[in-house]
1. Suppose the filter is crowded, with 16+ Cβ neighbours inside 10 Å, more than 13 Å from the ligand (Cβ to nearest atom) and within 15 Å of the chain's Cα centre (by Cα); does R75 pass it?
2. Of the residues E158, E178, E189, E203, which is exposed (fewer than 13 other Cβ atoms within 10 Å of the Cβ), in contact (Cβ under 8 Å) with a residue 12 or more places away in the chain and either more than 16 Å from the ligand (Cβ to nearest atom) or not aliphatic (A, V, I, L, M) (or both)?
3. Looking only at the range 132-145, count how many residues are out of contact with any Lys or Arg (no Cβ under 7 Å at 6 or more places or on another chain) and closer than 23 Å to Y184 by Cα.
4. From the list A164, A147, which residue is under 13 Å from the mean Cα position of the chain (by Cα) and free of Cβ contacts under 8 Å to residues at least 60 places away in the same chain?
5. Among the strands (runs of 3 or more DSSP E) contained in the range 1-116, which hold 2 or more residues that are under 21 Å from R197 (Cα atoms) and not acidic (D, E)?
Amino acid sequence: MSVPLLAATAAGIGALPEAGAAGFLDRLLPGDGPWELEIGFGKGRFLLASAAARPQTRWLGIEVAGEYFRLAAGRASRRRLANVALLRGEALYLLAAVLPAGFARRVHVYFPDPWPKARHLRRRLFSAASVDLLLAALAPGGELCFATDFLDYGHEVEAILRAAPGVAVERLAGGWPEGPRTNYEAKYEREGRPIVRLIARPEGAPSLHPDGAREVLVALCRPAAGEDAPA
Ligand SMILES: C[S@@+](CC[C@H](N)C(=O)[O-])C[C@H]1O[C@@H](n2cnc3c(N)ncnc32)[C@H](O)[C@@H]1O
C-alpha cells in the first residue's frame, strides 16, 4: 500500500506540492526567516511552542505517524501558527529525496524510537550510514540537537558524531536552559531517568563519515587505450 506524502500548513492539509523542486520549501512556507527542523515531533509540544515563541523562524516538522501528524496539524491551526509546516513521511526518505541540503539552522531529534531488540537495530534513525544525511540538512554554522533516555543509543550517537570529521560535539551536563523540551523529556525528567543530551556543530567543509563511506565500493570500467567503448 502506498502512503501519500502529506504537508500541513496554515492553509490546511494537502498533498506535498512540487516536492524536490528548487525553491519548494519557500513555496511551502514563504518568507525569509531561517528554518529549524524537528524530526519525529510526536504530539508537537516542542515544535509548536517554539514556533509561537519565535515567529520569525520557519519551523518544519517531520513525523511518520499519521495520527500525530494530524494532531499537531490541528493544534498548529487552532493556534494560528503561520510559521509551521508539517510533513507526514519517513525522515531519511524526505531528507534524501525531497528536502534540499543545507537549509536548516537547527535540526532537532528528541527521543527517537530506540528499537532496543538486536534484530531491529537497523531501524534506528541514527547510524554511521545515516548521519551524513542528517548533518547535510544543516546550513553553515548550524547545529544538531539530540536527546534520548536510551543510554546505549545516546552513547552510540555521541560516538558516531565524534567520529564524523570536523564535527564539534558537546554533551550537556544537565538539561536544556529552558527546561524539558518535549513530552518524553518532561516525563522522563519527572521519573528521574538519566538523559543523554548532545549538540553537534559541523565546522568547515562537510566530509563523509568514515564508517558510512567505508561501505561504498567504486567500479569504473574504462576501455583500454585504442579500444572503442561498446555501443
Ligand atoms: C518516542 S517518540 C518521541 C516524540 C517526541 N520527539 C518527544 O520527545 O516527545 C518518537 C517519534 O518519532 C516518530 N518517528 C520514528 N521514526 C521516524 C522516522 N523515521 N521519521 C519520522 N518520524 C519518526 C514516531 O512516530 C514518534 O512520534
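1. Here the answer is no, as R75 does not meet what is asked.
2. It is E203.
3. Looking only at that region, the number is 2.
4. Just one listed residue meets the conditions, A147.
5. In the range 1-116, 35-39, 58-63, 104-110 are the strands (runs of 3 or more DSSP E) which contain 2 or more residues that are under 21 Å from R197 (Cα atoms) and not acidic (D, E).
Conditions tested, residue by residue: (1) in contact with a strand residue (DSSP E or B) (Cβ under 8 Å, 6 or more places away or on another chain); (2) more than 11 Å from the ligand (Cβ to nearest atom).
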position	(1), (2)
A52	no, yes
N83	yes, yes
P112	yes, no
W115	no, no
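Each row is one residue, and each column tells you yes or no for (1) assigned to a strand (DSSP E or B); (2) closer than 25 Å to R193 by Cβ.
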{"residue": "L121", "(1), (2)": "no, yes"}
{"residue": "A139", "(1), (2)": "yes, no"}
{"residue": "E170", "(1), (2)": "yes, yes"}
{"residue": "G174", "(1), (2)": "no, yes"}
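Here's the yes/no breakdown for (1) modelled with pLDDT under 95; (2) farther than 22 Å from R181 by Cβ; (3) in contact with a Gly (Cβ under 9 Å, 6 or more places away or on another chain):
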{"site": "A11", "(1), (2), (3)": "yes, yes, no"}
{"site": "L37", "(1), (2), (3)": "no, no, yes"}
{"site": "G44", "(1), (2), (3)": "no, no, yes"}
{"site": "S50", "(1), (2), (3)": "no, no, no"}
{"site": "F69", "(1), (2), (3)": "no, no, yes"}
{"site": "A73", "(1), (2), (3)": "no, no, yes"}
{"site": "V84", "(1), (2), (3)": "no, no, yes"}
{"site": "A96", "(1), (2), (3)": "yes, yes, no"}
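The values are calculated or read from the model by the stated rules, or taken from the named source; none is laboratory data. Keep in mind that what you see is a predicted model, and the values were worked out from it rather than measured. Cβ sites come from the backbone with ideal geometry, for glycine too, and all protein chains shown count toward neighbours.
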